[in-house]
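The values are calculated or read from the model by the stated rules, or taken from the named source; none is laboratory data. Values in this document were obtained by computation on a predicted structure and should not be read as measured data. With ideal geometry, Cβ positions are generated from the backbone for all residues, glycine too; neighbour counts draw on all protein chains shown.
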Amino acid sequence: MARRFYGFTREGSWYDKHKGGESGAPESLSRARSEDEWRIALSPERFHVLRKKGTERAFTGEFWNTTAAGTYSCAGCGLDLFHSKDKFDAGCGWPSYTRPIDDNVVFTESDRSLFSKREEALCAGCGGHLGHIFPDGPPPTGDRWCINSASLVFRPAAD
């Protein structure tokens with residue numbers, strides 16, 4: 001279902017499909033590591049973001065202004081999440097994307113922290129916190145996936 005939003009039609013918007021409810025964790029979600037194992041496997045910053053649902057400060061993350069071609073994967077489990085062709089400069093200080101590589105690589109949960117209601121984006125591979133999704137992105141989806149750099153690993157495209 002297409003919807004008019006800020007003067008353009010939103011086609012295939014994740015936010016429109018799932019707003020108002022959780023998209024649901026996949027049945028195969030593996031969070032097999034204990035908190036101590038995650039703490040050992042991840043840097044302190046990545047542990048804070050991925051496992052404790054933290055947020056890095058705006059304009060401080062490694063990828064907020066990266067423009068190279070490639071793939072962004074989960075720093076917790078290595079699942080490919082976003083492609084550079086879907087990355088755009090939202091001016092918010094975090095890497096922003098119009099869509100994930102595939103609908104099945106992320107899931108959402110309602111987040112009512114910070115006195116607001118937002119949709120939290122989580123990795124379908126390990127359940128790690130990635131960031132949030134907002135309905136104020138550019139065409140064609142109208143979505144802005146605002147993702148913490150600390151939750152990502154970048155793999156440059158082969159030349």
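Total residues in segment 112-150 satisfying the condition of being surrounded by fewer than 16 Cβ atoms within 10 Å (Cβ to Cβ) and not hydrophobic (A, V, I, L, M, F, W, C): the figure is 8.
Tally time: how many residues in segment 87-107 are in contact (Cβ under 8 Å) with a residue 24 or more places away in the chain, surrounded by fewer than 21 Cβ atoms within 10 Å (Cβ to Cβ) and small (Gly, Ala, Ser)? Give the derivation first.
Our first condition is that a residue be in contact (Cβ under 8 Å) with a residue 24 or more places away in the chain; within segment 87-107, this holds for 88-90, 92-101, 103-107.
Those still in the list that are surrounded by fewer than 21 Cβ atoms within 10 Å (Cβ to Cβ) too: 88-90, 92-93, 99, 101, 103-105, 107.
Restricting the remaining residues to those that are small (Gly, Ala, Ser) gives 90, 93.
Selection size over segment 87-107: 2.
Has segment 103-118 got at least one residue that is at pLDDT 90 or above and outside any loop (DSSP other than H, G, I, E, B)? Yes. Among the conditions (1) within 12 Å of the chain's Cα centre (by Cα); (2) surrounded by fewer than 24 Cβ atoms within 10 Å (Cβ to Cβ); (3) farther than 22 Å from residue 43 by Cβ, the only one that residue 158 does not satisfy is (1).
Could you tell me which residue of segment 33-51 is modelled with the lowest pLDDT, considering only residues that are over 15 Å from the mean Cα position of the chain (by Cα) and in a loop (DSSP other than H, G, I, E, B)? Walk me through it before giving the result.
Within segment 33-51, the subset over 15 Å from the mean Cα position of the chain (by Cα) is 33-45, 47-48.
Adding the requirement that they be in a loop (DSSP other than H, G, I, E, B) leaves 33-34, 42-43.
Details: 33: 81, 34: 84, 42: 92, 43: 94.
Ranking the candidates gives 33 first.
Considering only segment 122-159, state which residues are assigned to a loop (DSSP other than H, G, I, E, B), farther than 19 Å from residue 60 by Cα and touching a Leu at 6+ places or on another chain (Cβ under 9 Å). Steps first, answer last, please.
We begin by selecting, within segment 122-159, every residue assigned to a loop (DSSP other than H, G, I, E, B); these are 124-128, 135-143, 148, 157-159.
Subset that is farther than 19 Å from residue 60 by Cα: 124-128, 135-143, 157-159.
Those that are assigned to a loop (DSSP other than H, G, I, E, B), farther than 19 Å from residue 60 by Cα and touching a Leu at 6+ places or on another chain (Cβ under 9 Å): 124, 125, 126, 127, 128.
Applying the criterion of being assigned to a helix (DSSP H, G or I) and in contact with a strand residue (DSSP E or B) (Cβ under 8 Å, 6 or more places away or on another chain) to the residues of segment 78-102, the residue that is nearest to residue 67 (Cα to Cα) is 84.
Evaluation of residue 68 against the conditions (1) free of Cβ contacts under 8 Å to residues at least 40 places away in the same chain; (2) in a loop (DSSP other than H, G, I, E, B); (3) among the aliphatic types (A, V, I, L, M) shows that the sole unmet condition is (1).
Got a sec? Which of 151, 110 is polar (S, T, N, Q) and either touching a helix residue (DSSP H, G or I) at 6+ places or on another chain (Cβ under 8 Å) or free of Cβ contacts under 8 Å to residues at least 60 places away in the same chain (or both)?
On the way: 110 fails: either touching a helix residue (DSSP H, G or I) at 6+ places or on another chain (Cβ under 8 Å) or free of Cβ contacts under 8 Å to residues at least 60 places away in the same chain (or both).
Sole residue among the options that is polar (S, T, N, Q) and either touching a helix residue (DSSP H, G or I) at 6+ places or on another chain (Cβ under 8 Å) or free of Cβ contacts under 8 Å to residues at least 60 places away in the same chain (or both): 151.
Is there a residue in segment 13-26 that is part of a loop (DSSP other than H, G, I, E, B) and modelled with pLDDT of 90 or more? No, segment 13-26 has no match at all.
Checked against the criteria, residue 63 does not count as of a type outside the set (Gly, Ala, Ser), surrounded by fewer than 19 Cβ atoms within 10 Å (Cβ to Cβ), in contact with a Pro (Cβ under 7 Å, 6 or more places away or on another chain) and at negative phi.
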